[in-house]
Amino acid sequence: MVRPYAVTGGRTGAGEQQFDLIAVVVSELPDPELSPDAPEPPVGPEQARILGLCRGTPLSVAELAADLDLPVGVVRVLLGDLLAAGLIRVSRPVPPALLPDERILQEVLHGLRAL
């Protein structure tokens with residue numbers, strides 16, 4: 001068993017990036033079945049597992065932490081390194097202020113039902 005501070009090299013932050021628990025992570029690496037000659041990136045075992053999990057299926061930060069059995073803080077640091085290296089893409093959730101008001105959605109629903 002490796003201690004979390006050893007996995008992150010003693011770092012506790014993900015740099016300038018902020019990863020929400022529901023942010024979706026996708027690997028930018030090519031599928032090894034489609035590109036068998038593509039070299040594997042020089043990453044640690046935990047980061048390689050993250051890339052493997054996100055290669056075919058987009059996963060949230062919370063799902064990655066659960067699948068890896070690592071604290072969320074450790075996963076955020078590892079994701080920060082992968083993002084800086086250009087190995088992953090992160091889709092952030094829509095801020096609540098940009099979501100439509102529930103009242104407007106109710107009016108649209110009532111209008112559709114009236115048709």
Once phi is turned into θ = phi - 60°, what whole-Hz ³J(HN,Hα) does the Karplus curve with 6.51, -1.76 and 1.60 give for every residue of the range 99-105, x standing for Gly and Pro?
6, x, 5, 4, 4, 5, 4
Please give the contour-minus-distance gain from residue 108 to residue 84: 0.36 nm per residue of separation, less the Cα-Cα distance, rounded to one decimal in nm.
4.4 nm
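Coordinate-derived values only; no laboratory data. What you are looking at is a predicted structure, and each value in this text was computed from that prediction instead of being measured.
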